[in-house]
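Structure first, commentary second.
Each value in this text was obtained by applying a stated rule to the coordinates, not by laboratory testing. What you are looking at is a predicted structure, and each value in this text was computed from that prediction instead of being measured. Positions of Cβ are backbone-derived with ideal geometry, glycine not excepted, and every protein chain shown enters the neighbour counts.
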Amino acid sequence: MGLHGGEWRVYASAVDDTALIVDSMQWLCGDSVEISIEREKSALGAIMYTIVGKMNSRASKESLGRVCNDSLKEILSNGIASRVDENKNLHIRLGLASLVRGEAVVAGPSGSPVAKGKFKLEVYPGQEAASVAESVIAKMVD
């Protein structure tokens, strides 16, 4: 049981420090992962950037392991089923402000900028995606 892969994605405006965000994403994803930056226009015409780090199975496990222990425990205690979608993806949002400080902390419900994580769960027939996600995260908690 584990992860097939994953990605972290950040949407940044033209006034954001994209170099700092890229450095933070590189730390979060690992040195072996290439971080891509796409420049585009928003629906209102403003310049924005999409910063993405796509990871293989091993890198995604290591990346998820960089999320702070208290946040992982919070995910487990709040129930993980709401974070798993019908396509067997685990969704996690990290606060961007804490991420650029070198701390991977799960974001609260506020409207502040986030790094969106999506991890493809390795689920086999007869298994529930939520229980696989719970097992993966439980192994990472001290």
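Placing +1 on each Lys and Arg Cβ and -1 on each Asp and Glu Cβ, with no other charges, gives the chain a dipole about its Cα centre of roughly 160 debye. Taken over the stretch 2-140, the convex hull of the Cα atoms encloses 113 Å³ per residue. Taking θ as phi - 60° and the Karplus parameters 6.51, -1.76 and 1.60, the scalar couplings of the stretch 32-39 work out to 7, 9, 8, 9, 9, 10, 10, 8 Hz in sequence order, x denoting glycine and proline.
Based on the Stokes-Einstein relation at 10 °C and a viscosity of 1.306 mPa s, and on the Kirkwood radius from alpha carbon pairs, the stretch 14-93 is assigned a translational diffusion coefficient of 108 µm²/s. Normalised by the number of residues in the stretch 2-140, the average gap of Cα pairs under 8 Å and 6 or more apart makes the relative contact order 31 percent.
Among M48, M25, a tally of other beta-carbon atoms within 10 Å of each Cβ gives an order, fewest to most, of M48, M25. Of A46, A104, A130, the residue with the greatest mean-square motion in the GNM of the chain, using alpha carbon springs below 10 Å, is A46. Counting Lys and Arg as +1 and Asp and Glu as -1, what is the net charge of the other residues whose Cβ lies under 15 Å from the Cβ of E40? Taking every Cβ under 15 Å from that of E40, the sum is +1.
I need the calculated FRET efficiency for the pair K116 and A14, taking r as the beta carbon distance and R₀ as 22 Å, to the nearest 0.05. Efficiency at R0 = 22 Å is approximately 0.65. Computed 3J(HN,Hα) for the stretch 109-126, one whole-Hz value per residue from the Karplus formula 6.51 cos²θ - 1.76 cosθ + 1.60 where θ = phi - 60°, is x, 5, x, 6, x, 9, 9, 8, x, 9, 10, 7, 7, 8, 10, 10, x, x, glycine and proline marked x. Which parts of the stretch 44-69 would a label at E34 reach, counting a residue when its backbone N lies under 14 Å from a point 7 Å out along Cα-to-Cβ? Zone members listed by number: 52-56. For K73, the lysines whose Cα comes closer than 24 Å to its Cα, not counting residues fewer than 8 places off in the same chain, are K61, K88, K116, K118, K120, K139. Around G6, under 9 Å between beta carbons, what's the net of Lys plus Arg minus Asp minus Glu among the other residues? Here the charged neighbours net out to +3.
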